[in-house]
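Encoded as structure tokens, the structure appears first; notes follow it.
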Amino acid sequence: MRETAPNFKCRFSAKSAMALACALSVSASEAADAHKLALYVTVSDPAKMSSILDNAANVSRHFTGAGEEVDIVIVGFGPGVSMLLADRSPVAERVKGFEKSMPNVRFEACANSIEAIEKREHKRPAVLEDVSTVESGVAELLTLSEKGYTVVQP
């Protein structure tokens with residue numbers, strides 16, 4: 001009776017499982033190396049909006065300057081969604097500038113807040129170019145937190 005074939009299969013399976021486990025742990029550790037920050041704005045205050053953009057820029061420069069990856073999301077909801085609306089953002093040019101200078105920063109506008117403006121003004125405001133919408137700003141922050149983002153309100 002030959003036992004080499006079953007033993008070979010067992011050893012091969014064990015070796016394959018170990019190799020797969022090592023590969024998965026390497027990719028998990030690489031993913032853990034990326035810094036993740038979620039900032040949010042809830043007020044329609046140009047100074048606060050500028051401060052949030054300053055914070056995002058500072059964090060981005062800090063980590064990219066150190067050769068480390070950082071992913072930054074800025075979520076606008078409530079009155080703060082105005083930061084990301086084409087017809088009323090007092091910081092529109094700066095938001096647009098992030099696309100070129102800091103592609104690791106992205107912007108998300110709360111659709112619930114936009115719908116509230118639409119009901120009040122009878123016209124749906126457009127978001128700035130390259131701003132995505134999420135159903136709920138608060139729910140998005142919760143989801144980001146669950147994905148390992150540090151949520152900060154500057």
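The values are calculated or read from the model by the stated rules, or taken from the named source; none is laboratory data. These numbers were taken from a predicted model, which means no experiment stands behind them. Counting neighbours? That spans all protein chains shown, and the Cβs are built from the backbone with ideal geometry, glycine included.
Regarding Val43, is this residue without any contact (Cβ under 8 Å) to a residue 60 or more places away in the chain, assigned to a loop (DSSP other than H, G, I, E, B) and of a type in the set (A, V, I, L, M)? Taking the combined requirement at face value, the residue satisfies it. Evaluation of Lys119 against the conditions (1) touching a residue at least 12 places away in the same chain (Cβ under 8 Å); (2) in a helix (DSSP H, G or I) shows that the sole unmet condition is (1). Answer yes or no as to whether Ser145 is in contact (Cβ under 8 Å) with a residue 24 or more places away in the chain, crowded, with 17+ Cβ neighbours inside 10 Å, part of a helix (DSSP H, G or I) and of a type in the set (Gly, Ala, Ser). Criteria not met by Ser145.
Okay, residues lined up against (1) surrounded by fewer than 13 Cβ atoms within 10 Å (Cβ to Cβ); (2) touching a helix residue (DSSP H, G or I) at 6+ places or on another chain (Cβ under 6 Å); (3) modelled with pLDDT under 95:
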position	(1), (2), (3)
Ala5	yes, no, yes
Ala14	yes, no, yes
Ser29	yes, no, yes
Ala34	no, no, yes
Leu39	no, yes, no
Ser50	no, no, no
Ala56	no, no, no
Phe77	no, yes, no
Ser89	no, yes, no
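For a quick check of your reading of the model, give me the residue pairs whose first member lies in region 52-69 and is in the same structural domain as Ser101 (by TED's automatic domain parsing), whose second is of a type in the set (Lys, Arg), with beta-carbon atoms closer than 7 Å and at least 6 apart or on different chains. If the second residue must be of a type in the set (Lys, Arg), the pairs left are Leu53/Arg94.
In the set (1) surrounded by 19 or more Cβ atoms within 10 Å (Cβ to Cβ); (2) farther than 15 Å from Val41 by Cα; (3) touching a helix residue (DSSP H, G or I) at 6+ places or on another chain (Cβ under 7 Å), the condition left unmet by Ser60 is number (3).
Among the residues in region 66-73, are any closer than 16 Å to Leu39 by Cβ, touching a Ser or Thr at 6+ places or on another chain (Cβ under 8 Å) and either surrounded by 13 or more Cβ atoms within 10 Å (Cβ to Cβ) or among the aliphatic types (A, V, I, L, M) (or both)? For region 66-73, residues closer than 16 Å to Leu39 by Cβ, touching a Ser or Thr at 6+ places or on another chain (Cβ under 8 Å) and either surrounded by 13 or more Cβ atoms within 10 Å (Cβ to Cβ) or among the aliphatic types (A, V, I, L, M) (or both): present. Scanning region 92-111 for residues that are out of contact with any Asp or Glu (no Cβ under 7 Å at 6 or more places or on another chain), touching a residue at least 24 places away in the same chain (Cβ under 8 Å), closer than 20 Å to Tyr149 by Cβ and not aromatic (Phe, Trp, Tyr) gives Val95, Met102, Val105, Arg106, Ala109, Cys110.
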